[in-house]
Amino acid sequence: MGAFLYGVFLQWKLDIRSKTLLITCYIVPLLFFVIMGGIFSSVMPEARYTLVQSMTVFGVTMGALIGLPPSLVEIYSSDIKKVYKANGVPLYLGLVLTNISAYIHLFIMSVILYIAAPLAFNAEIPENPGLYFIGLVILIAVSLSIASIIGLAVKDQAKTSMVSIIVFLPSIMLSGIMFPIELLPKAFETVGKIFPASWGYRLMADSTDLLENLLPQIVIFILAICVCAILLRKVDK
């Protein structure tokens, strides 16, 4: 257990030095918050009621989908995998450690947004903070599980970035954080339900349909875990 915790701590320190993770988990989400938070609160004053949730969904989705896959590619498509095998380290450990480390960073970033939004833009604190943080915990986990599939399935860094962006853009545009999802065509609204960002936003912003917004994320998470297990077996060959 001590070795595992040390591994988590070491991975966290390595990620702190990673420019990719620093940019995707902190700089870009917080910069987006500063710019778009000001625009939303000026153009749409009612946006302050869901500003915390919408900025959090953007930050978590970007940090997970854009930040995590390159780290996994670096582990499983390089000599690091050989080092793991040579020392008898289970290959799944790299996936677990990077996910835990990324989870910590994304949670810290989300807490920063939660505190800063009311101070900077007079945003409303979520009516039910407990439900908000439950939604946050689940959203980070589900988003990282999707990001893990990308990192394990795509072996090339350039292609990984391209696939991550392809998944990230519809996740955000169809999630409802930019504009009400009711304004979208039915087909786009249906497609948006494939991505965890849509359900995560609903869960954190709407306290009336807890089970309805929670179950799809659990299903996505379980399916993603199964896919990751299959991909890890292929990586081990």
Checklist entry - For the range 77-85, does any single residue satisfy the condition of being in contact (Cβ under 8 Å) with a residue 40 or more places away in the chain, surrounded by 23 or more Cβ atoms within 10 Å (Cβ to Cβ) and either assigned to a loop (DSSP other than H, G, I, E, B) or out of contact with any strand residue (DSSP E or B) (no Cβ under 9 Å at 6 or more places or on another chain) (or both)? => result no
Item to check | Single residue of Val60, Val28 found to be β-branched (Val, Ile, Thr), buried (at least 22 other Cβ atoms within 10 Å of the Cβ) and in contact with a helix residue (DSSP H, G or I) (Cβ under 9 Å, 6 or more places away or on another chain) | outcome: Val60
Checklist outcome for this item: Per the filter on the range 113-122, residues part of a helix (DSSP H, G or I), surrounded by fewer than 16 Cβ atoms within 10 Å (Cβ to Cβ) and not small (Gly, Ala, Ser) are Ile115, Pro118, Leu119
Checklist outcome for this item: Taking first residues from the range 209-237 that are in a helix (DSSP H, G or I) and second residues anywhere that are surrounded by 12 or more Cβ atoms within 10 Å (Cβ to Cβ) and of a type in the set (D, E, K, R), the pairs with Cβ under 6 Å that are 6 or more apart or on different chains are Asn213/Arg202
Next on the checklist: Looking only at the range 215-226, filter to residues that are out of contact with any Ser or Thr (no Cβ under 6 Å at 6 or more places or on another chain) and either among the small types (Gly, Ala, Ser) or farther than 14 Å from Ser143 by Cα (or both); which one of those is modelled with the lowest pLDDT?
Outcome noted: Leu215
Checklist entry - Pro170 is checked against (1) in contact with a Ser or Thr (Cβ under 8 Å, 6 or more places away or on another chain); (2) at pLDDT 90 or above and fails just one. What number does that condition carry? => result (1)
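Here is a yes/no grid of residues against (1) of a type in the set (Ser, Thr, Tyr); (2) under 14 Å from Val57 (Cα atoms):
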| position | (1), (2) |
| --- | --- |
| Leu93 | no, no |
| Ser101 | yes, no |
| Phe107 | no, yes |
| Ala117 | no, yes |
| Phe133 | no, yes |
| Ile138 | no, yes |
| Ile150 | no, no |
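The values are calculated or read from the model by the stated rules, or taken from the named source; none is laboratory data. Note that the structure is predicted; figures quoted are calculated from it, not measured. Counting neighbours? That spans all protein chains shown, and the Cβs are built from the backbone with ideal geometry, glycine included.
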